[in-house]
Amino acid sequence: MSQSVNSKATTSKVAILGCGQIADAHLQELRYVPGVQVVAVCDQLQELADQAARRFDVPGAFTDLERMLTETRPDAVHVTTPPHTHASLACQLLNQGVNVYVEKPFTVDVAEADEVLSAARRNGKLVCVGHDHLFDPVWLRLQTLVTTGQLGEIVHVDSVMGYNLNGPFGKIMFNDPHHWLHRLPGGLFHNNISHAIYKITPFLSDELPRIHATTDRPTVGHPPTELRVMLQGESVTANIRFSSRARPVQRLATLYGTKASVEVDLEARTIRWCRSAKLPGALGKLDVPWQQLREAAGNLRRNTWDFLRCRQHYFAGMRELFTRFYAAIRAEQEPPIPYEEIRRVTAWMDEIFRQYKFTEIDVPASIPDLVGQA
Ligand SMILES: NC(=O)c1ccc[n+]([C@@H]2O[C@H](COP(=O)([O-])OP(=O)(O)OC[C@H]3O[C@@H](n4cnc5c(N)ncnc54)[C@H](O)[C@@H]3O)[C@@H](O)[C@H]2O)c1
């Protein structure tokens, strides 16, 4: 697929900072974002910068951020480094007049988030966070259902986030006791739970709901990998289930409304309505499966059509979010994710990890120096 790039005047020059695992997805998706040209990649390790530049045909490969900024003058930089580096790098970039896209989690805690958000405001530049599931085609369809009132008022949200410790990201992180993941206050959860939280914040408007978080019981050298969170707002409640043991690995959200309830499945990219029988008595037991069958046929038709048009790729939400971010930069408009949302997600994470403290028992075997740094 080739990209149609806008005229030079409207082209945003973009650089990637951090050429690890997720950088590939950014470089891949940016190819299809209108009005964007990737001019440089930067990593503290030369070989990682070089390989990314080579594979994605990027003209500049750097190990020094300042040099990259001086020589290539990007309009925006994507910070795809580990979370504990996000705040300082984002502030450095914003203070130099560069727009910034920061991968999730935005920062390690809300104090850092405030620093980045005020740097953005102070410098008149935009900052965005990688809450990409919100821009997945299926989530955008859900938003239409909500805004057109088809679900009524939302009373409860269940947000499920499955994680495969043997998957491409999990294996590297969890098998290496020295991996940066283990230094985050919330460990494995800290790196992933924002995906489950930002699916709740749009429906639960409280600044900080009552939160009760609990994990499985870790044994020495084996950090917890199961997290459950109950959230109680003024008028809406929510649950989060993060599980690395349950199969299949799921990314689901169920929204319970006063008119109707739906389950959004980000893996299958489907929306399933919770159905009740329209026919009386025993006939209802035929009616509900019949309705479900018709719905499944509709989902199959839609997904087949999107598949044939090459629109079924995993990071479709990321591409859409990038597209909206660069459109906002060009039009000097509000960023696609409100800063208040970024702040609330981070504040809720702080509260969850305050309740679940990283303790000596959680540290993977053979890395004693990590205790206390978290
Ligand atoms: N949106 C998603 O679905 C998704 C998926 C995976 C990872 N992520 C996020 O992306 C971020 C990076 O994760 P990853 O798995 O790619 O990590 P990684 O460890 O594979 O890559 C990080 C890279 O950053 C480089 N780096 C670190 N500090 C640097 C600095 N100061 N200057 C330049 N380079 C530096 C490292 O050398 C490394 O190559 C994390 O915040 C993670 O949560 C998001």
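Residues in the stretch 11-35 that are more than 19 Å from residue 317 (Cα to Cα), more than 10 Å from the ligand (Cβ to nearest atom) and assigned to a loop (DSSP other than H, G, I, E, B): 11 only.
How about the stretch 36-61: which of its residues are under 25 Å from residue 330 (Cβ atoms) and part of a strand (DSSP E or B)?
Selection gives 36, 37, 38, 39, 40, 41, 42, 60.
Applying the set (1) of a type outside the set (Lys, Arg); (2) under 19 Å from residue 318 (Cα atoms); (3) surrounded by fewer than 22 Cβ atoms within 10 Å (Cβ to Cβ); (4) away from the ligand (no atom under 14 Å from the Cβ) to residue 38 leaves exactly one unmet item: (3). Could you list, in sequence order, the residues of the stretch 43-57 that are surrounded by 15 or more Cβ atoms within 10 Å (Cβ to Cβ), among the acidic types (Asp, Glu) and near the ligand (Cβ under 10 Å from one of its atoms)? Hit for the stretch 43-57 is 43, nothing else.
A quick yes/no check of all residues on (1) surrounded by 19 or more Cβ atoms within 10 Å (Cβ to Cβ); (2) not basic (Lys, Arg):
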| position | (1), (2) |
| --- | --- |
| 223 | yes, yes |
| 228 | no, no |
| 234 | no, yes |
| 238 | yes, yes |
| 245 | no, no |
| 255 | yes, yes |
| 262 | yes, yes |
| 267 | no, yes |
| 271 | yes, yes |
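Only the coordinates and a few stated rules stand behind these numbers; no lab work does. The structure displayed is predicted, hence computed values, not measured ones. So basically every Cβ, Gly included, is an ideal-geometry build from the backbone, and we count neighbours across all protein chains shown.
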